[in-house]
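The values are calculated or read from the model by the stated rules, or taken from the named source; none is laboratory data. All values derive from a computational prediction rather than experimental measurement. Here the Cβ is made from the backbone with ideal geometry for all residues, glycine too, and neighbour counts use every protein chain on show. Keep in mind that these areas ignore ligands, DNA and RNA; they rest on the heavy atoms of the full protein, side chains included. Shrake-Rupley method; radii C 1.70, N 1.55, O 1.52, S 1.80 Å.
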Amino acid sequence: QQPVQSPQAVILREGEDAVINCSSSKALYSVHWYRQKHGEAPIFLMILLKGGEQKGHDKISASFNEKKQQSSLYLTASQLSYSGTYFCGTEVGTASKLTFGTGTRLQVTL
Amino acid sequence: DTAVSQTPKYLVTQMGNDKSIKCEQNLGHDTMYWYKQDSKKFLKIMFSYNNKELIINETVPNRFSPKSPDKAHLNLHINSLELGDSAVYFCASSPAGDLWYEQYFGPGTRLTVT
């Protein structure tokens, strides 16, 4: 069963903040975040691992609540370039498959 | 200097035909994947290979057969195409070692079955 993301879509003005949530019904080993611009390939943003370790690109922050199997991606001071669809991907074990969430479409306007 | 490339970019074909999509990565990665993204943008893994060995084989019809001739290539052959096969197919790769988690996606192949 795929993770559920919320909101499904959000429209921001440049400079505003947004939070994207990802919720799984399974115990998770890790949560990955990707962004996909229209007509392009998904791009890796960051990974959050069980135990608290995080790895990823600068200017992106996220949290992982292991007890609730939830992750949130925080987009602050949004820029036009942040527009796209954000996907969380979850793993239930090491070297297991990545199950992507339902996606959140983000649009940043002037 | 393309990292993960796929050919063709677009593929339009009729039901019942057989087609192949090719993927190549020049990143030296050990693991390669095929994903299917449907019209609702749902991205789902199909197969994964590690050093030419199949490690993930999701519940996909037998009409789909991946082949990895070497570590840098992972092709997808589809027999007897159906309307429901229409989607964007992404190839991806990831390295071994400390950066194992980061998957690099190819540009995608948009398959339209008529």
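Output the residues belonging to region B:104-114 that are open to solvent by less than 50 Å² (accessible area, probe 1.4 Å), part of a strand (DSSP E or B) and within 9 Å of another protein chain (Cβ to nearest Cβ). Residue satisfying the conditions is B:PHE105 alone. Quick one: in region A:65-96, of everything that is touching a Gly at 6+ places or on another chain (Cβ under 9 Å) and more than 28 Å from A:ARG13 (Cβ to Cβ), which residue is nearest to the other protein chains (Cβ to nearest Cβ)? Checking each candidate, the answer is A:GLY89. Considering region A:50-108, and only residues there that are among the acidic types (Asp, Glu) and open to solvent by 30 Å² or more (accessible area, probe 1.4 Å), the residue that is farthest from B:ILE45 (Cα to Cα) turns out to be A:ASP58. Here B:TYR101 fits the description: surrounded by fewer than 20 Cβ atoms within 10 Å (Cβ to Cβ), within 13 Å of another protein chain (Cβ to nearest Cβ) and of a type outside the set (Gly, Ala, Ser).
Here A:TYR34, A:TYR29 are screened, and the one residue that is open to solvent by 30 Å² or more (accessible area, probe 1.4 Å), in contact (Cβ under 8 Å) with a residue 60 or more places away in the chain and in contact with a strand residue (DSSP E or B) (Cβ under 8 Å, 6 or more places away or on another chain) is A:TYR29. The criterion of at least 2 residues that are in contact with a Lys or Arg (Cβ under 8 Å, 6 or more places away or on another chain) is met by the following strands (runs of 3 or more DSSP E) wholly inside region B:1-90: B:4-7, B:10-13, B:31-37, B:43-50, B:64-70, B:73-78. Within region A:38-61, residues that are facing chain B (nearest Cβ under 9 Å) sit with their Cβ atoms under 6 Å from residues that are surrounded by fewer than 16 Cβ atoms within 10 Å (Cβ to Cβ), at 6+ positions apart or across chains, in these pairs: A:ILE47/A:LYS55.
In the set B:TYR35, B:TYR89, B:TYR10, only one residue is open to solvent by 20 Å² or more (accessible area, probe 1.4 Å), of a type in the set (Phe, Trp, Tyr) and at negative phi; that residue is B:TYR10. Go through region B:65-100 and give me each residue that's acidic (Asp, Glu) and in contact with a strand residue (DSSP E or B) (Cβ under 7 Å, 6 or more places away or on another chain). Of everything in region B:65-100, those that are acidic (Asp, Glu) and in contact with a strand residue (DSSP E or B) (Cβ under 7 Å, 6 or more places away or on another chain) turn out to be B:GLU82, B:ASP85. Just the residues that are in a loop (DSSP other than H, G, I, E, B), farther than 30 Å from B:ARG110 by Cα and in contact with a strand residue (DSSP E or B) (Cβ under 7 Å, 6 or more places away or on another chain), please, taken from region A:39-59. A:LYS50, the sole residue that qualifies.
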